[in-house]
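S.K.: Please find one structure pasted underneath; my questions will follow.
Just so it is clear, none of the values below were taken in a lab; they were calculated from the coordinates. As the structure is a prediction and not an experimental result, all values here were calculated from the model. Because the Cβ atoms are built from the backbone with ideal geometry, glycine has one as well, and the counts that use them run over all protein chains shown.
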Amino acid sequence: MRKYLAEFIGTLVLVLFACGTAAVTGCTSAADPAYLLTALSFGLVIVAMAYSIGNISGCHINPAVSISMLISGKITGKDFVGYVVAQVAGAVAGAAILAALIGTGRGLGTNGLFEANVMKSLIVEVILTFVFVLTILGVTSREKYQAQAGLVIGLTLTLVHILGIYFTGTSVNPARSFGPALIMALSGDGAALSVVWVFIVAPLVGGGLAAACWKALDQEKLTV
């Protein structure tokens, strides 16, 4: 249960601090300080959590990461279910705390479709998640990279947000998208919840593709 509790806490912190930064700074697709602060906040939360709960649960705090670990044989099916339940619960709790603090008038960092286009949004999220998860699999695959892994993963999440916020607000994490969307819907605004399936399906597909790609690369023992 310790690792599930760690995943709950980590995802709660991610939503509260990173989605919270997007909400309080008024982050939109416009290139301004709020845009960069939001991208940085997502990356910095990952760095903080990686070096705090990483030795307990691996600091997935993201179902897309967990599914890649399942496909890679690094966690069991039982743990995958436990991780995802904990992550979703943590995201909902984080969004609920954020709503209690600032209300829902500013939004809660929810995601939206790019140009109201489902296919474009799916493609963007699959690509962003693929890059993020492939990095995680690569940097955690060798013991010599372990000390720097949290920093590398955090910087990569910042990178995908710097591009992705313009398109969809960047999800790459089904739990991170579901929690705020649910709390917004409970407050009477169901727009984000109506499209949240895109931000559940696309990251899971991207994470699965990254795992398959890494297994093929690793088996060939390719080096950079």
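S.K.: Does Leu217 satisfy being surrounded by fewer than 24 Cβ atoms within 10 Å (Cβ to Cβ), in contact (Cβ under 8 Å) with a residue 40 or more places away in the chain and not acidic (Asp, Glu)?
M.R.: Here the answer is no, as Leu217 does not meet what is asked.
S.K.: Assess whether Leu151 counts as being among the aliphatic types (A, V, I, L, M), under 25 Å from Val201 (Cα atoms) and assigned to a helix (DSSP H, G or I).
M.R.: no
S.K.: Now a separate question. Filter the range 87-115 down to residues that are assigned to a helix (DSSP H, G or I) and surrounded by fewer than 17 Cβ atoms within 10 Å (Cβ to Cβ) and give me whichever is nearest to the chain's Cα centre (by Cα).
M.R.: That would be Ile97.
S.K.: Under the condition of being free of Cβ contacts under 8 Å to residues at least 40 places away in the same chain and not small (Gly, Ala, Ser), which residue from the range 141-155 is surrounded by the most Cβ atoms within 10 Å (Cβ to Cβ)?
M.R.: Across the range 141-155, the extreme among qualifying residues is Val152.
S.K.: State whether one or more residues within the range 185-197 are in contact (Cβ under 8 Å) with a residue 40 or more places away in the chain, among the acidic types (Asp, Glu) and surrounded by fewer than 20 Cβ atoms within 10 Å (Cβ to Cβ).
M.R.: yes
S.K.: Let me ask something else. Quick one: count up the residues across the range 116-148 that are among the basic types (Lys, Arg), part of a helix (DSSP H, G or I) and closer than 25 Å to Ser57 by Cβ.
M.R.: So the answer is 1.
S.K.: Let me ask another. Say we look at the range 46-71 and pick out the residues that are of a type in the set (S, T, N, Q) and buried (at least 20 other Cβ atoms within 10 Å of the Cβ); which of these is farthest from Val92 (Cα to Cα)?
M.R.: Ser68
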